[in-house]
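Have a look at the structure below before the remarks.
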Amino acid sequence: MNECCQRCGEAGQDRRILWMACLYEMGELGLPFEKSDRFFTLRVCKDCRADWMSAIKTWFNTKPDRAEYSGGYYVRELGATRSKPAP
């Protein structure tokens, strides 16, 4: 059975399933996740899985930039509260 990668659209039989367990509502990202209980999944090709793994590694090794409150206002970005300068 041929399936398409949900990220790049490549057709093939050798798909991987990325499983993400998260209590946060991942629908906010606008990605084509399939949801099952607390898991969000994507069926992807090997190359796209490798890109995902690289992105997770980069995220983990890059420390967050937590700027102090600058007198502006706060906004929510993907579940985090961020300080923005006043317009």
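Each reported figure results from applying straightforward, stated rules to the coordinates on display, with no laboratory input. For clarity, every value in this text was computed on a predicted model and none was experimentally measured. Cβ atoms come from the backbone with ideal geometry, glycine included; neighbour counts cover every protein chain shown.
Each residue in region 28-52 was checked for being surrounded by 10 or more Cβ atoms within 10 Å (Cβ to Cβ) and either farther than 14 Å from Arg7 by Cα or among the basic types (Lys, Arg) (or both), and 7 pass.
On inspection, Thr58 does not qualify as on the phi < 0 side of the Ramachandran plot, free of Cβ contacts under 8 Å to residues at least 40 places away in the same chain and in contact with a strand residue (DSSP E or B) (Cβ under 6 Å, 6 or more places away or on another chain). Close contacts from region 31-46, counting a first residue that is more than 15 Å from Glu10 (Cβ to Cβ) and a second that is part of a strand (DSSP E or B) and of a type in the set (Asp, Glu), with Cβ to Cβ under 6 Å and a gap of 6+ residues or different chains, come to Thr41/Glu34.
The set of residues in region 1-18 being surrounded by fewer than 10 Cβ atoms within 10 Å (Cβ to Cβ) and in contact (Cβ under 8 Å) with a residue 12 or more places away in the chain consists of Met1, Gln13, Asp14.
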